[in-house]
Amino acid sequence: MGSNLFWPFTRVRFPGLNLIRSGDAIPNFLTVWTACALTLFNLDRFADVSRLPAVPYLLGVVALPILALVPTYIAGRRREQPRPIETLRQADLVAETQETEV
């Protein structure tokens, strides 16, 4: 996806590794799911009485969804045909010219 690593000092944007896109559902879901699962685990771990067993919880709630959805995402990306650069440019121009309601 890329970002500007030194934002207030430069305007240079680094392109990133192009492994995922910002609008992809599966990587976004996995990021939110993992963050929520680890937050819950840490809240339980620092409670007076821990109720979640560490290894089964992390394997079942964090690793299992990742192992199930990452191959699905990769298979979907391989099936996808890359669009020509001119098509992407035209789609960007059309998106800029469309009126939006305020």
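Can you give the accessible area per residue of the chain, in Å², using a 1.4 Å probe? The partial results should precede the final answer.
Working: 8960 Å² over 102 residues.
Ligands and nucleic acids excluded, the figure is 88 Å² per residue.
Please compute one quarter of the surface area of the Cα convex hull for the chain and express it in square nanometres. List each step's numbers first, then the result.
Working: hull surface 46.5 nm².
Result: a mean projected hull area of 11.6 nm².
Determine the share of the chain's accessible area contributed by carbon and sulfur atoms, expressed in whole percent, with a 1.4 angstrom probe.
Values: 5830 of 8960 Å².
Roughly 65 percent, rounded to a whole number.
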Revision key, fill the gap. Output ordering of 18-24, 45-51 (per-residue mean of other Cβ within 10 Å, highest first) is 18-24, 45-51
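Assigning unit charges at the beta carbon (Lys, Arg +1; Asp, Glu -1) and nothing else, what dipole magnitude in debye, to the nearest 20, does the chain show about its Cα centre?
Working: 10 positive and 9 negative charges, 89 e Å.
The dipole of the chain has a size of about 420 debye.
Quote to one decimal, in nm, the extra length available between Leu64 and Leu19 on full extension: 0.36 nm per residue of separation minus the C-alpha distance between them.
Working: separation 45, 0.36 × 45 = 16.20 nm, distance 2.10 nm.
The span from Leu64 to Leu19 would gain 14.1 nm if fully extended.
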Exercise for review: Figure the gain on full extension for Ala37 and Arg79 (residue separation times 0.36 nm, minus the Cα-Cα span) and round it to one decimal in nm.
Suggested key: 12.1 nm
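The values are calculated or read from the model by the stated rules, or taken from the named source; none is laboratory data. Quick caveat: nothing in here was measured; it's all calculated off a predicted structure. Don't worry about glycine lacking a Cβ; one is built from the backbone with ideal geometry, like all the others, and counts go over all protein chains shown. Just so you know, the surface numbers come from the protein's heavy atoms only, side chains and all, with ligands and any DNA or RNA stripped out. Shrake-Rupley method; radii C 1.70, N 1.55, O 1.52, S 1.80 Å.
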